[in-house]
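The values are calculated or read from the model by the stated rules, or taken from the named source; none is laboratory data. Bear in mind that the values here come from a model prediction, so they are computed numbers and not experimental data. Backbone-built Cβ (ideal geometry, glycine too); neighbour counts: all protein chains shown. When the accessible area is computed, the model is the full protein with side chains, heavy atoms only, and any ligands, DNA or RNA have been set aside. Shrake-Rupley method; radii C 1.70, N 1.55, O 1.52, S 1.80 Å.
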Amino acid sequence: MSEGVEWALHSCLNLAWIGPERAVTAARLASYHELPPAYLNKQLQALARAGIVTSVSGPKGGFRLARALDRITLMDVVAAVEGPDEAFRCTEIRQKGPGAGAPETYAAECAIAGAMGRADLAWRRELMAQTLDDIRARAELQAPAAPERLRHWFANV
């Protein structure tokens with residue numbers, strides 16, 4: 001998974017703490033965590049295409065959340081940034097080399113592909129079961145002052 005997923009998740013949480021009444025530019029969001037603005041903007045555009053954030057034009061433009069945190073799963077963000085493809089792609093290498101002609105290589109599903117597919121499904125289910133609101137609640141328990149500190153920083157920069 002790329003670092004863009006982490007950046008996108010933090011950006012969504014930051015937008016939630018900033019509030020729905022205010023759009024924030026990619027450059028300002030990037031500066032909060034000292035990230036490259038152009039690369040973060042790419043992640044935010046992917047979130048916008050997925051309907052997770054909205055892009056607002058104009059002098060007070062930027063990004064804001066498109067829906068409530070309890071309606072955004074971690075899988076929504078991962079799929080928006082990384083795409084919907086499974087993490088493991090079987091290329092059927094068992095059908096190459098000296099064992100290629102063996103009938104068992106064609107008759108059954110590859111045991112490795114099956115195991116990886118089940119693992120991928122379990123991973124996706126876990127990500128679908130957690131919302132950004134769950135993450136927000138945990139983050140606020142760990143660092144209760146974080147939302148106010150963030151709002152103050154964005155209000156004064």
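Pulled fully out, how much extra length does the chain show between A119 and S2, if you take 0.36 nm times their separation in residues and subtract their Cα-Cα distance?
Extra length from A119 to S2 when fully extended: 40.2 nm.
Among V5, V81, what's the order by accessible area (1.4 angstrom probe), most exposed first?
The residues order as V81, V5, largest area first.
Which of the following values of Rg and Dmax of the Cα atoms in Å was calculated from the structure shown: [x] 15.3, 45; [y] 20.3, 69; [z] 19.9, 56?
Read-out from the structure maps to [y].
Quick one: which residues, 5 or more positions from I72 or on another chain, have an amide H under 5 Å from its amide H? H modelled 1.01 Å from N in the peptide plane, none for Pro or chain starts.
L132, D133
If you place +1 on the Cβ of every Lys and Arg and -1 on the Cβ of every Asp and Glu, how big does the dipole about the Cα centre of segment 60-134 come out, in debye to the nearest 20?
Computed charge dipole of segment 60-134: roughly 260 debye.
Scan segment 98-157 for GluC sites (Glu not before Pro) in coil per DSSP, keeping those whose Cβ has at most 12 other Cβ atoms within 10 Å, and list them by number.
E109
What distance in nm separates the simple spin-label points at F88 and D70, each placed 7 Å from Cα in the Cβ direction?
Taking the two extended label points, one gets 3.6 nm.
Tell me, what is the 1.4 Å probe accessible area of M1, in Å² to the nearest 10?
About 140 Å², rounded to the nearest 10.
Could you state how much accessible area H152 has, in square angstrom rounded to the nearest 10, with a 1.4 Å probe and all protein chains kept in place?
The accessible area comes out at roughly 110 Å².
Ordered by residue, what ³J(HN,Hα) values in Hz, to whole numbers, does segment 95-102 give under the Karplus form 6.51 cos²θ - 1.76 cosθ + 1.60, where θ = phi - 60° and Gly and Pro are x?
Running phi through 6.51 cos²θ - 1.76 cosθ + 1.60 with θ = phi - 60° gives 8, 10, x, x, x, 4, x, 5 Hz.
Any idea what diffusion coefficient segment 83-157 gets from Stokes-Einstein, in µm²/s, Kirkwood Rh on alpha carbon pairs, 10 °C, 1.306 mPa s?
95 µm²/s
Could you order L44, L65 so the one with the most accessible surface comes first? Probe is 1.4 Å.
Per-residue accessible area, sorted high to low, gives L65, L44.
I'd like the GluC sites (Glu not before Pro) in segment 1-90 restricted to DSSP loop residues with at most 15 other Cβ atoms within 10 Å, sorted by number.
For GluC sites (Glu not before Pro) across segment 1-90 that sit outside H, G, I, E and B with at most 15 neighbouring Cβ atoms in 10 Å, the list reads E21, E34, E86.
What spacing in nm lies between the two simple spin-label points modelled at L127 and Q95, each 7 Å away from Cα in the Cβ direction?
Result for the modelled spin labels: 2.8 nm.
Quote the accessible area belonging to W123 in square angstrom, nearest 10, computed with a 1.4 Å probe and with ligands, DNA and RNA left uncounted.
My reading of the accessible area for W123 is about 90 Å².
Given +1 on the Cβ of Lys and Arg, -1 on the Cβ of Asp and Glu, and no further charges, what dipole in debye does the chain carry about its Cα centre, rounded to the nearest 20?
For the chain, the charge dipole is close to 520 debye.
So, in nm, how far is label H152 from label K60 when the simple model puts each one 7 Å beyond its Cα toward the Cβ?
2.5 nm
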